1. Using 0.36 nm per residue of separation minus the Cα-Cα distance, give me the extension gain between ARG81 and ALA49 in nm, one decimal.
2. Dipole magnitude of the chain about its Cα centre, charges +1 at Lys/Arg Cβ and -1 at Asp/Glu Cβ only, in debye to the nearest 20?
3. Starting from the Kirkwood Rh over alpha-carbon pairs, what translational D in µm² s⁻¹ does the chain have by Stokes-Einstein at 25 °C and 0.890 mPa s?
4. Using a cut-off of 18 Å between alpha-carbon atoms, which lysines can reach LYS36, once sequence neighbours fewer than 8 places away in the same chain are excluded?
5. Taking K and R as +1 and D and E as -1, what net charge do the other residues with C-beta under 10 Å from the C-beta of ARG81 add up to?
6. What's the ranking of 45-58, 21-34, 94-107 by average number of surrounding C-beta atoms within 10 Å, highest first?
Amino acid sequence: MIKDEFAVLIEELEFAGKAYDVLNYSYQKCQKLTRKSEYDVEELETMEALASRFARLCDIMIQKIFRLIEKIDQDTPGTVRDRINMAAKKDLIESEDMILDARALRNSIAHEYSTIAPDKIFERIMKLTPGILKSL
């Protein structure tokens with residue numbers, strides 16, 4: 001059974017590698033955008049791609065990779081916070097707080113219930129992306 005879980009983990013890591021590449025591409029592209037109060041349609045599209053890719057990689061890490069590691073190590077399944085704590089204890093991430101912030105931002109992006117202005121969301125994504133990329 002664990003052998004099958006390792007195979008799934010390898011597949012998920014390969015998928016995460018592709019997600020890493022496209023998030024890094026969007027991040028590099030967005031670094032060139034000038035911060036301003038209004039953006040044109042092309043800039044908004046670029047920022048939307050970054051937000052979507054950021055949310056996707058957060059999900060892959062927390063919901064798939066960390067969950068599989070938890071299962072392989074035969075840890076007791078827990079909440080998302082438990083999974084993040086486990087990842088920190090195993091030195092898979094540098095900072096629990098950064099991953100928790102990324103998860104909260106991911107929820108704001110995915111569920112569109114954020115009260116945060118779009119330019120502030122973009123600013124937070126730009127701040128958190130290097131840590132997410134480094135953690136992967």
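What follows draws every value from the coordinates through simple rules; no lab data is involved. All of these numbers come straight from a predicted model, not from anything done at the bench. Note that we place each Cβ from the backbone using ideal geometry, even for glycine, and neighbour counts take in every protein chain shown.
1. Values: separation 32, 0.36 × 32 = 11.52 nm, distance 2.66 nm.
Between ARG81 and ALA49, full extension yields 8.9 nm more.
2. For this selection, approximately 220 debye.
3. Working: Rh = 15.7 Å.
Taking Rh from Cα pairs, D becomes 157 µm²/s.
4. Counting by Cα, and skipping residues close in sequence, LYS36 has these lysines nearby: LYS120, LYS127.
5. Spelling it out: positives minus negatives among the neighbours equals 0.
6. Top of the packing list down: 45-58, 94-107, 21-34.
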